[in-house]
Structures are given as structure tokens and as C-alpha cells.
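Heads up: the structure comes next, in C-alpha cells.
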Amino acid sequence: MIPQQAASTLTNVDDIESYIQLWETADCPYLSAIDLPVRERKKVICELGYMGITAGAMFPGLDGACEELKERNFDI
């Protein structure tokens, strides 16, 4: 959790998704999903890197380090 800068929460609600849907309204959504175009991938990865969100930060270890180096040094 520390390398990923994670936060945890605990609830006694069995079906949290239904509970959230019950309380959110059209003018005040709690959660939303955003689809990003593939053509913007390079720009998005760069912006996330400025915020410290990289493969190495999300997946500490050899896999994350290799993925981050691949992103930096090779066009994908």
C-alpha cells in the first residue's frame, strides 16, 4: 500500500454498489468512468508520470520496473 499511496476503507454494507446507486443523483454522481482514446495514450502516460503514477510505483518489483523502463525508452 505504501508504494501505491493507497487508501483503504471498511464498511458493513453487503452490496456497496447498490448502496451508492441508491444515494447518488443525476446532478451529484459519486463515481464515474471515463474512456480515453488510444491515440492519447502517450500523453496520458506522460501526465500520469508527472503525478507520480507510474508502473514502477503501482507495481513495485521487477515487473513494474521493467514496464516503466519500457514506457520510457521504447515507442509502444
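Values in this text are rule-based calculations from the coordinates and carry no lab data. Quick caveat: nothing in here was measured; it's all calculated off a predicted structure. All Cβ positions, glycine included, derive from the backbone under ideal geometry; neighbour counts span all protein chains shown.
For the range 48-76, residues that are surrounded by 11 or more Cβ atoms within 10 Å (Cβ to Cβ) and assigned to a helix (DSSP H, G or I) total 16.
Kindly establish whether Ala26 is at negative phi and in contact (Cβ under 8 Å) with a residue 24 or more places away in the chain. For Ala26, the condition - at negative phi and in contact (Cβ under 8 Å) with a residue 24 or more places away in the chain - is not met.
Scanning the range 10-47 for residues that are aliphatic (A, V, I, L, M), surrounded by 10 or more Cβ atoms within 10 Å (Cβ to Cβ) and farther than 17 Å from Asp75 by Cα yields Ile16, Ile20.
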